[in-house]
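Report on the following structure.
The values are calculated or read from the model by the stated rules, or taken from the named source; none is laboratory data. Not measured: the values here are computed from a predicted model. Every residue, glycine among them, receives a Cβ derived from its backbone with ideal geometry; neighbour counts consider all protein chains shown. The protein model used for the area step is the full one, side chains on, heavy atoms only, and it has no ligands, DNA or RNA in it. Shrake-Rupley method; radii C 1.70, N 1.55, O 1.52, S 1.80 Å.
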Amino acid sequence: MAKRIDIKDVNIYYGKFHAVDSVTLSVPPRSVTAFIGPSGCGKSTVLRSLNRMHEVTPGARVEGQVLLDGEDIYAATVDPVEVRRTIGMVFQRPNPFPTMSIRDNVVAGLKLAGVKNRRRLDEVCERSLRGANLWEEVKDRLDKPGGGLSGGQQQRLCIARAIAVQPDVLLMDEPCSALDPISTLAIEDLITELKQDYTIVIVTHNMQQAARVSDQTAFFNLAGVGQPGRLVEVDDTEKIFSNPSQKATEDYISGRFG
Amino acid sequence: MTTATTDLHRPATGPAFQGVGLGRKVKNAVATTLVALAFLVAVVPLVWVLWSVLEKGLQPVLHADWWTHSLYGLRPYDDRGGAYHAIYGTVVQALSTAVLSVPVGVMVGVYLVEYGAGTRLARVTTFMVDILTGVPSIVAGLFVYALWISILGFGRSGFAVSLSLLLLMIPVVIRTTEEMLRIVPNELREASYALGVPKWKTIVKIVLPTAMSGIVTGVMLGLARVMGETAPALIVGAYASSINLNVFDGNQANLPLLMNDQFANPETAGFNRTWGAAMTLVLIIMLFNLLATVISRLSAIKK
Ligand SMILES: Nc1ncnc2c1ncn2[C@@H]1O[C@H](COP(=O)(O)OP(=O)(O)OP(=O)(O)O)[C@@H](O)[C@H]1O
Ligand SMILES: [Mg+2]
């Protein structure tokens, strides 16, 4: 459980377009790292390169190394499917499977991996929903479709689905951007709880959120229009928000950006 | 803070909104009339056709013999017998067309959308499918005649009819599958990948079920369309007035063939049989559409 990630000199491309330039950064286990930065600077792109989701886009490729506890996930012998099983992901927009009930959504990962034992599935379902703070709200309607939940509930359902397969790392791309403040707080509390067991990387546009939930913050920026995004600095969240070493970071955080 | 340029407490002078002007009212009335007229133009012939079929075809169909007897040994003016042989032929030929075309069409559709996107093979395939879509049914019939009967030496049969219907059906299934797969949001695929589910399993367990209701509807509509095709049946099949249970061997009637045969029969019995067959065909097609609705309801995206 909870592995360490070392990103070493990673360059990311969409076809010919160089989207992210030479990122090097480490994420310690059992911690939350926040990615912040202006729109289009490559936060999602970097995040998606951490579980080899980036290469799902036609023409997209990654250069460099991403080490998970020292093992390069981009090594030729590594199966991307295994990587994604170890490194879970929660997306910006909740995306429950529309043909499945709440229960089936939660245990989809296990079921599709061939787990049939009903008792085991029910156990995992309850544990994951409790873990995602959703159990009390849905325990009486587990057989209802997942699409029938509110946006915030759907997002927590997606978190439950992601933690049901017990990954070592959880990647979250703006998980609260479509949610109201109460659901947002619920998810932030959840992130703080999940930190006990998981390594978490979260992309967010919300400075307060980054300050509240993360231990470490990475600030990305664009050198200019059409230029690749790059990592400006990464440091303890407290330091980034009180006394960043780069001017650009300070400008961005204090809203004096651009 | 800069000084406010608008005084929010200033009372509004005069009403802010005016009523709908005369010009817009007239345009609205004209547009409404046009739309209503277009609707009538579209619906009147439809209702008319259905009414004729119902009026002339209902009576023969209501007779129990219609569903249980063939026309074997009956003379043209005999007011007895039924269309059981042709109904059987139509259903069996449609089913064998479906059994063959659905797997092939769905797999090609899956290839085009999920695997082949942008490759040369996919482009060529799409081009071929476009051409195949435009092939007239009689050409499909001729092709099967040339290949299956002349070159390979098989005889005429219900299956030969199925084969030519297959040529018409496959592009429909490919197209439907393609379109339905394309509207499955990529986010679902990524959600599945993110759980460590391999691509093929994602397609089989997540993407196809999500697209299922659309594919089923498309297949059923395609089948309904193909069931009424007469030209290929005239070329590679042949009418038989008795039942032939074996789809692979010998002449086998179907409803269009029965209609074609009885249309040439000047007796009242011929008239009744023709319209009865028309009615039956419409009924079967309606049944198929109903079935499509039920299946797509069952497999539908749950809300
Ligand atoms: N599928 C794609 N194909 C081509 N270019 C892409 C694709 N996705 C993103 N890009 C480009 O890569 C760059 C980085 O995009 P990315 O989505 O990573 O930004 P982001 O930091 O997540 O922005 P946001 O905060 O708006 O989500 C942008 O210039 C974007 O236009
Ligand atoms: Mg993004």
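In region A:152-211, what count of residues is obtained for those that are of a type in the set (S, T, N, Q) and either within 16 Å of ligand 2 (Cβ to nearest atom) or surrounded by fewer than 17 Cβ atoms within 10 Å (Cβ to Cβ) (or both)?
8
Give the residue that is nearest to ligand 1 (Cβ to nearest atom), with candidates limited to residues of region A:173-189 that are touching a residue at least 60 places away in the same chain (Cβ under 8 Å) and away from every other protein chain (no Cβ under 11 Å). Please lay out each step first, then the result.
Applying the first criterion (touching a residue at least 60 places away in the same chain (Cβ under 8 Å)) to region A:173-189 yields A:173-175, A:177-178.
Those still in the list that are away from every other protein chain (no Cβ under 11 Å) too: A:174-175, A:177-178.
Working: A:Glu174: 7, A:Pro175: 12, A:Ser177: 9, A:Ala178: 13 Å.
By that ranking, first place goes to A:Glu174.
Please determine whether any residue of region B:170-186 is without any contact (Cβ under 8 Å) to a residue 12 or more places away in the chain and either more than 12 Å from chain A (Cβ to nearest Cβ) or open to solvent by 30 Å² or more (accessible area, probe 1.4 Å) (or both). Yes, region B:170-186 contains at least one residue that is without any contact (Cβ under 8 Å) to a residue 12 or more places away in the chain and either more than 12 Å from chain A (Cβ to nearest Cβ) or open to solvent by 30 Å² or more (accessible area, probe 1.4 Å) (or both).
Residues of region A:204-258 being in a loop (DSSP other than H, G, I, E, B) and among the small types (Gly, Ala, Ser), which ones? Working first, answer last.
Step one: filter region A:204-258 for residues in a loop (DSSP other than H, G, I, E, B), giving A:204-206, A:214-215, A:223-228, A:243-246, A:254-258.
Once the filter is applied, which keeps residues that are in a loop (DSSP other than H, G, I, E, B) and among the small types (Gly, Ala, Ser), region A:204-258 yields A:Ser214, A:Ala223, A:Gly224, A:Gly226, A:Ser245, A:Ser254, A:Gly255, A:Gly258.
Inside region A:88-128, can you point out the residues that are within 8 Å of chain B (Cβ to nearest Cβ) and either assigned to a helix (DSSP H, G or I) or among the basic types (Lys, Arg) (or both)? A:Arg93, A:Ala108, A:Gly109, A:Leu112 - these are the residues of region A:88-128 that are within 8 Å of chain B (Cβ to nearest Cβ) and either assigned to a helix (DSSP H, G or I) or among the basic types (Lys, Arg) (or both).
Against the test of being within 16 Å of ligand 2 (Cβ to nearest atom), open to solvent by less than 10 Å² (accessible area, probe 1.4 Å) and aliphatic (A, V, I, L, M), the options A:Val27, A:Val32, A:Val23, A:Val10 yield a single qualifying residue, A:Val23.
The residue that is farthest from the other protein chains (Cβ to nearest Cβ), counting only those in region A:74-87 that are open to solvent by less than 40 Å² (accessible area, probe 1.4 Å) and of a type in the set (A, V, I, L, M, F, W, C), is A:Ala75.
Residue check: is B:Ala117 in a loop (DSSP other than H, G, I, E, B) and without any contact (Cβ under 8 Å) to a residue 12 or more places away in the chain? Criteria met by B:Ala117.
When only residues in region A:39-74 that are part of a strand (DSSP E or B) and closer than 12 Å to A:Tyr14 by Cα count, which is nearest to ligand 2 (Cβ to nearest atom)?
The initial filter retains those residues of region A:39-74 that are part of a strand (DSSP E or B), namely A:60-68, A:71-72.
Filter once more, so that each one left must be closer than 12 Å to A:Tyr14 by Cα: A:60-63.
Values: A:Ala60: 14, A:Arg61: 19, A:Val62: 16, A:Glu63: 21 Å.
Applying the filter and picking the extreme gives A:Ala60.
Among the residues of region B:145-166, the one identified as surrounded by fewer than 24 Cβ atoms within 10 Å (Cβ to Cβ), of a type in the set (Val, Ile, Thr) and out of contact with any Lys or Arg (no Cβ under 9 Å at 6 or more places or on another chain) is B:Ile151. Pairs are defined by a Cβ separation below 6 Å, a sequence spacing of at least 6 or placement on different chains, a first member in region A:99-115 that is under 16 Å from B:Arg189 (Cα atoms), and a second member that is among the charged types (D, E, K, R) and assigned to a loop (DSSP other than H, G, I, E, B); no pair meets this definition.
Entry remark, region A:51-73: residues being buried (at least 18 other Cβ atoms within 10 Å of the Cβ) and of a type outside the set (Val, Ile, Thr) number 6 in total. Among the residues making up region A:92-119, those that are surrounded by 21 or more Cβ atoms within 10 Å (Cβ to Cβ) and within 16 Å of ligand 2 (Cβ to nearest atom) are A:Pro94, A:Asn95.
Listed here are the residues, each with its yes/no results for (1) part of a loop (DSSP other than H, G, I, E, B); (2) more than 23 Å from the chain's Cα centre (by Cα).
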{"residue": "B:Val47", "(1), (2)": "no, no"}
{"residue": "B:Gln59", "(1), (2)": "no, yes"}
{"residue": "B:Gly73", "(1), (2)": "yes, yes"}
{"residue": "B:Gly89", "(1), (2)": "no, no"}
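Here is a yes/no grid of residues against (1) in contact with a Gly (Cβ under 7 Å, 6 or more places away or on another chain); (2) crowded, with 17+ Cβ neighbours inside 10 Å:
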{"site": "B:Glu229", "(1), (2)": "no, yes"}
{"site": "B:Ala233", "(1), (2)": "no, yes"}
{"site": "B:Gly237", "(1), (2)": "yes, yes"}
{"site": "B:Gln252", "(1), (2)": "yes, yes"}
{"site": "B:Leu255", "(1), (2)": "no, yes"}
{"site": "B:Pro266", "(1), (2)": "no, no"}
{"site": "B:Phe271", "(1), (2)": "no, no"}
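No other residue among B:Val110, B:Val135 is at pLDDT below 95 and at negative phi apart from B:Val135.
For region B:192-218, which positions are among the hydrophobic types (A, V, I, L, M, F, W, C), open to solvent by less than 20 Å² (accessible area, probe 1.4 Å) and more than 7 Å from chain A (Cβ to nearest Cβ)?
In the first step, residues of region B:192-218 are kept if they are among the hydrophobic types (A, V, I, L, M, F, W, C); the result is B:194-195, B:197, B:200, B:203-204, B:206-208, B:211-212, B:215-216.
Now restrict to residues that are open to solvent by less than 20 Å² (accessible area, probe 1.4 Å): B:194-195, B:197, B:203, B:206-207, B:211, B:215.
Matches in region B:192-218: B:Ile203, B:Val207, B:Ala211, B:Ile215.
Here is a list: A:Val81, A:Val56. Which entry is within 11 Å of ligand 1 (Cβ to nearest atom), hydrophobic (A, V, I, L, M, F, W, C), under 18 Å from the mean Cα position of the chain (by Cα) and more than 30 Å from A:Ile253 (Cβ to Cβ)? Let's see the steps before the verdict.
Details: A:Val81 fails: within 11 Å of ligand 1 (Cβ to nearest atom).
Of A:Val81, A:Val56, the one residue that is within 11 Å of ligand 1 (Cβ to nearest atom), hydrophobic (A, V, I, L, M, F, W, C), under 18 Å from the mean Cα position of the chain (by Cα) and more than 30 Å from A:Ile253 (Cβ to Cβ) is A:Val56.
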